[in-house]
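> Shown below is the structure under consideration.
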Amino acid sequence: MNSEVIEKTAGQTNNEAVKNKAPDTQPAATTPPDMTINKKENYRFISVERAHTDTETIVAHTRDEYVRLFRTRVQQTARATLDLCRLVYEAWKSLDEANFAAFCQAVGYKDTSSTIRKFLAIGKVQPRLVQYADQLPASWTSIYQLTQIPASTFEKMLNEGKSLNSLSGADVKELVASTREISSITAGLPREKETRNALFAKVAFTKRTVDDADWLLVQRAFAALEARLPIKFVVEQVAENLFDQRKHVLYEMAKRAEVKKGLNPDDWGLGDIKAGKLEPVEESAS
């Protein structure tokens, strides 16, 4: 039963008293107009797409009209991308280094980022590309890839009346690979985001089952190579966390085993500390 007390005046029924009851100080929560609440879920955990109710009136078109409109939108997007990249390129050509860096920061990028580098590449050839905007993809990353294909292939396609959008992703990838600089061994290598150092290798175990001893030996090998060569090994964080957890598990297992037979540090074989050095204990002959 509800413990709330409803005061009523003489002659009032219970129903009348409830009707006249003063409203709560806290107003009832209202659902945003563009949100729908699933009774089994709190809408804070539902995506914007699922939460949104589309109430807009759609004007229907024929299939051919939708195709035409789609191609028009793609062309408009490509033109807008070319114009945007040209703007970045002109800023790079006009401003000094410090002001260009400040410009990039103001628009949400680092002047050394790969995004700005690709914007500059597109902006540089914008005068050549803009007349073929109807053949370009909407994505700026895809447009950038087209700026990296051989110039001879680009000109040949246009002279022969072949559309740029007839190139498949595999075609573009192969063409781009043929233009990569090979004057330096690191020229075509990917770069680490923060330091911009070249990334040239991946390390993988050649055995399916890896135990803690394997990991310990690998760590020691990495440390030895890093001490002798100008390289750095970056271990996946998930692996670091996993082996760190394993270390604690093994410690607890070893501790329980020692507790059962009685803790005696003298038997642990850690050595004696003499003159600030850790020297091994000589085992007596059995």
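The values are calculated or read from the model by the stated rules, or taken from the named source; none is laboratory data. Bear in mind that the values here come from a model prediction, so they are computed numbers and not experimental data. For neighbour counting, all protein chains shown are included, and Cβ atoms are generated from backbone atoms with ideal geometry for every residue, glycine included.
> Is it the case, given these coordinates, that Lys156 is of a type in the set (D, E, K, R), more than 28 Å from Arg73 (Cβ to Cβ) and not assigned by TED's automatic domain parsing to the domain that holds Val74?
The answer is no for Lys156.
> Evaluate the following for Cys104: is it part of a helix (DSSP H, G or I), in contact with an Asp or Glu (Cβ under 7 Å, 6 or more places away or on another chain) and either in the same structural domain as Val125 (by TED's automatic domain parsing) or at pLDDT 90 or above (or both)?
The answer is yes for Cys104.
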